[in-house]
Amino acid sequence: MIEIGAQVDLSHPAERVWRALTDRELLGRWFAEAEMVEGVPDRMLLHTAGLPGFEANVEVEVTDRQEPDLLVLACDEAGRLSELTCTVTATKQGCRLELREVSTHGAWSAEQHDPREQQLRQALTVRLPAILDWIAFQQVDLRRADGGMTAELPLIGVRGRAGHNPRRRRTLVAVVAGVVLVAGTAAWVTLPPDSKPAAAPAPTETASPTVTAGRTTVAPTATPSARPSRSTASATARPSRTPSAKPSRTPASAAPPPPPAPITARYETESDRLFGYTGEIVVGNPGGAPVADWAVVVTLAEGTTVDDVDGANWRQDKRVITFTGAAVAAGGSQTISFDVRDSRPNAREPESCTIGGQPCAGL
């Protein structure tokens with residue numbers, strides 16, 4: 001008995017993944033073109049001939065169906081029989097999909113086994129997440145201002161086996177916030193100085209002495225003053241006899257450059273899809289002593305969220321994600337992996353990444 005298996009963690013609900021497994025048109029987008037077998041409601045023909053690891057088309061028949069957790073198919077590839085089991089398990093971030101194919105009659109050659117398994121893994125990790133993101137995008141009602149913001153998409157899949165009561169088809173109702181990013185340009189304008197002359201201060205009356213018959217009298221006369229009059233206190237104040245401090249002759253030395261950051265970080269996009277990506281940050285300590293108090297701050301785009309983090313503690317404040325963790329040993333490193341759901345199609349990285357106020361390398 002030869003077995004081929006693959007699994008993937010998806011940031012989508014189990015119902016959406018079930019739809020991708022059972023909808024004939026969606027199945028053709030991420031795995032292989034499919035068509036119903038006329039007169040047999042539980043059978044489909046997958047056009048796999050020409051795909052790596054496949055020699056002919058595969059006819060499949062549903063033998064067990066437990067929506068949305070389990071789907072078992074009996075497969076016939078030109079007389080070579082196998083059983084394909086699809087298991088969907090709910091997780092905190094979405095669900096886990098596991099596919100396992102076991103041969104029941106005949107066997108795959110060594111030249112078939114590895115390419116067949118690689119084809120299955122690529123379909124699960126690359127094409128299927130893109131299709132699921134596309135389905136989620138289709139559920140966004142861009143006309144929510146016209147009355148309501150929900151979209152109902154019926155589940156269309158293979159029907160149950162004859163003799164079994166068909167289950168009620170579920171309706172997916174999703175409310176997804178759409179984010180429209182608007183870019184603008186601003187120019188700084190320096191205003192010219194005011195060309196109007198300042199108004200001259202009002203003339204003030206000053207005392208002008210007049211000498212008459214051996215005595216002096218003071219008669220007020222109006223004389224214009226170009227400067228505002230000073231207060232009596234300031235006019236009568238005597239200058240201080242205390243000499244002012246002499247400037248130091250010793251030139252001020254230049255401030256020493258800031259010491260290099262005791263810890264570094266490098267960002268890299270591990271994988272990406274239509275509406276999201278998986279980022280990886282390696283925190284390194286090139287110094288000779290452990291560093292305990294470190295924090296990596298990542299700024300995401302508007303409307304972006306983090307689904308899963310491995311290798312660090314984290315908290316999110318709107319668009320800012322802060323990663324912390326245990327002390328990094330001298331000469332050691334710490335790897336942080338985080339999965340991002342980004343509203344921008346084909347986004348590959350966050351807007352910024354810093355550690356200790358210094359930008360992360362690689363971004």
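Summary table below
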| read-out | value |
| --- | --- |
| Residues located in region 37-48, provided they are within 24 Å of Arg116 (Cβ to Cβ) and open to solvent by 60 Å² or more (accessible area, probe 1.4 Å) | Arg43, His47 |
| Only one of Thr85, Thr89, Thr22 that is hydroxyl-bearing (Ser, Thr, Tyr) and over 32 Å from the mean Cα position of the chain (by Cα) | Thr85 |
| Some residue of region 101-108 being open to solvent by 20 Å² or more (accessible area, probe 1.4 Å) and either at pLDDT 90 or above or assigned to a loop (DSSP other than H, G, I, E, B) (or both) | yes |
| Residue among Arg315, Arg344, Arg319, Arg348 that alone is basic (Lys, Arg) and open to solvent by less than 70 Å² (accessible area, probe 1.4 Å) | Arg344 |
| Selection count where residues are within 20 Å of Gln7 (Cα to Cα) and either touching a residue at least 12 places away in the same chain (Cβ under 8 Å) or of a type in the set (Val, Ile, Thr) (or both), scope region 121-140 | 12 |
| Filter result (more than 18 Å from Pro286 (Cα to Cα) and open to solvent by less than 40 Å² (accessible area, probe 1.4 Å)) within region 322-341 | Thr322, Phe323, Ser337, Phe338, Asp339, Val340 |
| Flag for Thr91 being under 26 Å from Glu15 (Cβ atoms) and open to solvent by less than 70 Å² (accessible area, probe 1.4 Å) | yes |
| Test result for Leu45, of a type outside the set (Val, Ile, Thr), over 30 Å from Phe275 (Cβ atoms) and part of a strand (DSSP E or B) | yes |
| Criterion (closer than 17 Å to Leu132 by Cβ and modelled with pLDDT of 85 or more) met by exactly one of Glu77, Glu35, Glu15, Glu61 | Glu15 |
| Identity of the residue in region 257-310, in contact (Cβ under 8 Å) with a residue 12 or more places away in the chain, closer than 15 Å to Gly357 by Cα and not in a strand (DSSP E or B), that ends up nearest to the chain's Cα centre (by Cα) | Ala295 |
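The values are calculated or read from the model by the stated rules, or taken from the named source; none is laboratory data. Here the structure is a predicted model, which is why all the values come from computation and not from measurement. We place every Cβ from the backbone using ideal geometry, glycine too, and count neighbours over all the protein chains shown. Just the protein is used for accessible areas: all its heavy atoms, side chains included, with ligands, DNA and RNA removed. Shrake-Rupley method; radii C 1.70, N 1.55, O 1.52, S 1.80 Å.
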